[in-house]
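The values are calculated or read from the model by the stated rules, or taken from the named source; none is laboratory data. Owing to the predicted nature of the structure, the values given are computational and were not obtained by experimental measurement. Methodologically, a virtual Cβ is constructed for each residue, glycine included, from the backbone with ideal geometry; neighbour enumeration extends over all protein chains shown. What goes into the accessible areas is simple: the full protein's heavy atoms, side chains included, and nothing from ligands, DNA or RNA. Shrake-Rupley method; radii C 1.70, N 1.55, O 1.52, S 1.80 Å.
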Amino acid sequence: MGAAAANDTADALRTALSSQDQVRMVFAAAPSQSDVLAALCVAPGLDWSRVVAFHMDEYIGLNAKAPERFAHWLDEHLFLRLPFKEVHRIVPEPDAIAAASRYAALLSEAPIDIVCLGIGVNGHIAFNDPPVADFSDPLDVKVVTLDDACRQQQVDDDCFARFEDVPEQAITLTVPRLLRANKLFCVVPGRLKRDAVRATLHGPISTRCPASILREHADCTLYLDQESNPDA
């Protein structure tokens, strides 16, 4: 699954680089993305020096050096492994609302070509959990409060030892900001994601499962494994 998603992402990146001076990409940070990012890092024929990288969310309240921060996870799995033209990290300190505004401005400087994302156990995309997801959000980046299912997922994914350790707030790209990208590659492995995938594919398009809105994007590809596929 990871190899297939990486191959398709690499093909899209090659195509974009063939006609553009630079390509702008947004990446999710989660264990579910490890395989695809590892394969993408060794994909041949990609000029990463013309790629500008962003990530889609970040915790608020963690120490700047905390390994659980998404920027550090992406540094390890991607950002420091490839010679990107630029990497824009979300830095919540000292003012998270101001940081969200600055990041939105960076994103708006040019179109986003490719987003590599996943789906959470509660159907979230980025940190747009059901209570805060807004399909008509006027903001591109915002501060959100994480719901309990999202926080528990971070423990179940071995990103935190205890539920109490997971921050209650984060900065996230909003749903409309994600959907304005040209191409979306969505990788969703594992049994715990099966119900969310079922709601994404077969339920109503609703913020009760924010990922359901992906069905309205013109060019979104979903990658599942045997465990996450509700139709298998």
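Here are a few things to note about the model shown:
- Of the residues contained in the range 153-171, one or more are found to be under 21 Å from Leu37 (Cβ atoms) and open to solvent by 60 Å² or more (accessible area, probe 1.4 Å).
- Only residues that are part of a helix (DSSP H, G or I) and not small (Gly, Ala, Ser) were counted in the range 84-126, giving 5.
- Any hit, the range 78-92, residues being open to solvent by less than 40 Å² (accessible area, probe 1.4 Å) and within 26 Å of Cys209 (Cα to Cα): yes
- Gly118 being of a type outside the set (D, E, K, R), open to solvent by 10 Å² or more (accessible area, probe 1.4 Å), closer than 28 Å to Thr9 by Cα and within 17 Å of the chain's Cα centre (by Cα): yes
- Residue selected from the range 174-194 under the condition of a type in the set (D, E, K, R) and within 19 Å of the chain's Cα centre (by Cα), by the criterion farthest from Pro131 (Cα to Cα): Lys183
- Test: Arg215 is more than 14 Å from the chain's Cα centre (by Cα), assigned to a helix (DSSP H, G or I), without any contact (Cβ under 8 Å) to a residue 24 or more places away in the chain and surrounded by fewer than 19 Cβ atoms within 10 Å (Cβ to Cβ): yes
- Put simply, of Thr200, Thr221 the only residue that is buried (at least 16 other Cβ atoms within 10 Å of the Cβ), touching a helix residue (DSSP H, G or I) at 6+ places or on another chain (Cβ under 8 Å) and in a strand (DSSP E or B) is Thr221.
- Qualifying residue in the range 174-194 (condition: closer than 30 Å to Pro94 by Cβ, among the basic types (Lys, Arg) and open to solvent by 10 Å² or more (accessible area, probe 1.4 Å)): yes
- Residue within the range 131-149 that is in contact (Cβ under 8 Å) with a residue 60 or more places away in the chain, under 16 Å from the mean Cα position of the chain (by Cα) and in a loop (DSSP other than H, G, I, E, B) present: yes
- Residue pairs meeting the criteria (Cβ under 7 Å; at least 6 apart or on separate chains; first within 10 Å of Arg50 (Cβ to Cβ), in the range 1-28; second open to solvent by 10 Å² or more (accessible area, probe 1.4 Å) and assigned to a helix (DSSP H, G or I)): Leu17/Arg50; Asp21/Arg50; Gln22/Arg50; Val23/Ala16; Val23/Leu17; Val23/Arg50
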